[in-house]
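Worksheet for the structure shown next.
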Amino acid sequence: MLKKILIITGILIVGIALFSLLNKPLEVDTAVANKEEQKPTVTKEEQNISTLNRVSEKLHEKYEEFVVKTTSKKELVIQVEVNEGDFNLVKKDMESIVKGVIKTSTLKDYIVVVEKLDLSFITEEVKNINKELVHLTSTLMTGLKVYDEIGNINTDFQKSITVQTSIKGLNKDALKLAIEIEETVNEILHSKELNSISHIDSYEVFILNTKGEVVN
């Protein structure tokens with residue numbers, strides 16, 4: 001009788017061990033699946049912002065005064081200030097640079113349009129202001145490229161700097177990141193690269209989330 005009990009007990013122990021071994025891969029697979037499900041998704045809008053940011057950075061390596069924008073007609077428009085005699089050469093070069101950046105992005109099907117930015121009617125004072133703002137924006141974009149969340153940067157002369165980001169919501173993590181970006185902006189503003197700009201302390205910094213809400 002004792003022998004039968006020992007045999008039955010042994011069978012039960014082996015059965016439990018086999019069940020545990022068979023069940024562990026399922027637990028691991030479930031954990032991996034749950035981990036994959038928790039990965040944050042990147043929206044098409046965020047990808048577009050990231051691509052436009054890369055386009056601007058690449059163009060700023062060779063050119064200073066230009067505007068980058070997209071249209072509802074699926075056009076990626078570059079407006080550049082350039083002499084009439086140099087326009088065709090600059091246009092061809094810019095088209096090549098932009099197409100190289102967007103060829104594997106969400107903007108790959110967009111038509112690249114390069115236009116001449118006409119500033120002939122603008123006064124010398126306004127030209128100087130525009131030049132200062134271009135230098136300011138370019139320097140900020142370079143300094144903030146360590147953040148994947150940065151989108152367009154808008155500057156209002158001696159008033160404000162507005163940084164559009166892919167930050168979502170207004171929670172604690174969003175606030176922490178927004179304040180970190182704001183501090184980085186202030187460090188850049190007081191760097192030697194911008195020491196030629198007057199009234200630098202007059203700029204107020206706004207960090208916006210994906211809904212256009214001020215986070216900082």
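The values are calculated or read from the model by the stated rules, or taken from the named source; none is laboratory data. Since we're looking at a predicted model, the values are computed, not measured. Backbone-built Cβ (ideal geometry, glycine too); neighbour counts: all protein chains shown. Side chains are part of the model used for accessible areas, which takes the heavy atoms of the whole protein and leaves out ligands, DNA and RNA. Shrake-Rupley method; radii C 1.70, N 1.55, O 1.52, S 1.80 Å.
Restricting the search to the range 80-89, which residues are at pLDDT 90 or above and either open to solvent by 100 Å² or more (accessible area, probe 1.4 Å) or more than 18 Å from residue 61 (Cβ to Cβ) (or both)?
87, 88, 89, listed by residue number.
Please work out which one of (1) modelled with pLDDT of 90 or more; (2) under 24 Å from residue 127 (Cα atoms); (3) open to solvent by 100 Å² or more (accessible area, probe 1.4 Å) is the condition residue 64 fails and give its number.
(1)
Residue pairs, Cβ under 6 Å, 6 or more apart or interchain, first in the range 50-74 and within 25 Å of residue 86 (Cβ to Cβ), second open to solvent by 60 Å² or more (accessible area, probe 1.4 Å). List them.
65/81
Please verify whether residue 154 is out of contact with any helix residue (DSSP H, G or I) (no Cβ under 7 Å at 6 or more places or on another chain), open to solvent by less than 70 Å² (accessible area, probe 1.4 Å) and of a type outside the set (Asp, Glu), treating the condition exactly as stated. Quick ask: steps written out before the conclusion?
Values: out of contact with any helix residue (DSSP H, G or I) (no Cβ under 7 Å at 6 or more places or on another chain): yes; open to solvent by less than 70 Å² (accessible area, probe 1.4 Å): no; of a type outside the set (Asp, Glu): yes.
Against the criterion (out of contact with any helix residue (DSSP H, G or I) (no Cβ under 7 Å at 6 or more places or on another chain), open to solvent by less than 70 Å² (accessible area, probe 1.4 Å) and of a type outside the set (Asp, Glu)), residue 154 does not qualify.
Among all residue pairs at least 6 apart or on different chains, which show Cβ distances below 8 Å where the first residue, located in the range 123-137, is among the basic types (Lys, Arg) and the second is surrounded by 14 or more Cβ atoms within 10 Å (Cβ to Cβ)?
Going by the 8 Å Cβ cut-off, the qualifying pairs are 131/65.
Out of 24, 92, 35, which single residue is modelled with pLDDT of 85 or more, open to solvent by 50 Å² or more (accessible area, probe 1.4 Å), farther than 23 Å from residue 135 by Cα and of a type in the set (Lys, Arg)?
92
Might you let me know whether the range 183-195 holds any residue that is outside any strand (DSSP E or B), closer than 24 Å to residue 65 by Cα, in contact with an Asp or Glu (Cβ under 9 Å, 6 or more places away or on another chain) and of a type in the set (Lys, Arg)?
There is no residue in the range 183-195 that is outside any strand (DSSP E or B), closer than 24 Å to residue 65 by Cα, in contact with an Asp or Glu (Cβ under 9 Å, 6 or more places away or on another chain) and of a type in the set (Lys, Arg).
Quick one: residue 50 ticks every box in (1) at pLDDT 80 or above; (2) in a helix (DSSP H, G or I); (3) under 18 Å from the mean Cα position of the chain (by Cα) bar one, so which box is it?
(1) is the only condition that residue 50 fails.
Assess whether residue 131 counts as being open to solvent by 80 Å² or more (accessible area, probe 1.4 Å) and under 20 Å from the mean Cα position of the chain (by Cα).
On the way: open to solvent by 80 Å² or more (accessible area, probe 1.4 Å): yes; under 20 Å from the mean Cα position of the chain (by Cα): no.
No; evaluated as a whole, the condition is false for this residue.
Would you say residue 180 is open to solvent by 70 Å² or more (accessible area, probe 1.4 Å), at pLDDT 95 or above, outside any loop (DSSP other than H, G, I, E, B) and out of contact with any Phe, Trp or Tyr (no Cβ under 7 Å at 6 or more places or on another chain)?
yes
Is it the case that residue 142 is out of contact with any strand residue (DSSP E or B) (no Cβ under 8 Å at 6 or more places or on another chain) and open to solvent by 30 Å² or more (accessible area, probe 1.4 Å)?
Details: out of contact with any strand residue (DSSP E or B) (no Cβ under 8 Å at 6 or more places or on another chain): yes; open to solvent by 30 Å² or more (accessible area, probe 1.4 Å): yes.
It is true that residue 142 is out of contact with any strand residue (DSSP E or B) (no Cβ under 8 Å at 6 or more places or on another chain) and open to solvent by 30 Å² or more (accessible area, probe 1.4 Å).
List the pairs whose first member sits in the range 154-182 and is more than 30 Å from residue 130 (Cα to Cα) and in contact (Cβ under 8 Å) with a residue 40 or more places away in the chain, whose second member is polar (S, T, N, Q) and open to solvent by 30 Å² or more (accessible area, probe 1.4 Å), and whose Cβ atoms are under 9 Å apart, counting only residues at least 6 apart or on separate chains?
168/210; 169/210; 175/216
Within the range 98-128, count every residue that is open to solvent by 30 Å² or more (accessible area, probe 1.4 Å) and either farther than 22 Å from residue 75 by Cβ or out of contact with any strand residue (DSSP E or B) (no Cβ under 8 Å at 6 or more places or on another chain) (or both). Break it down stepwise before answering.
Initial filter on the range 98-128 (open to solvent by 30 Å² or more (accessible area, probe 1.4 Å)): 99-100, 103-104, 106, 108-111, 113, 115-118, 120-128.
In the following step, the residues that additionally are either farther than 22 Å from residue 75 by Cβ or out of contact with any strand residue (DSSP E or B) (no Cβ under 8 Å at 6 or more places or on another chain) (or both) were identified as 100, 103-104, 106, 108-109, 118, 120-128.
Adding up the residues that qualify gives 16.
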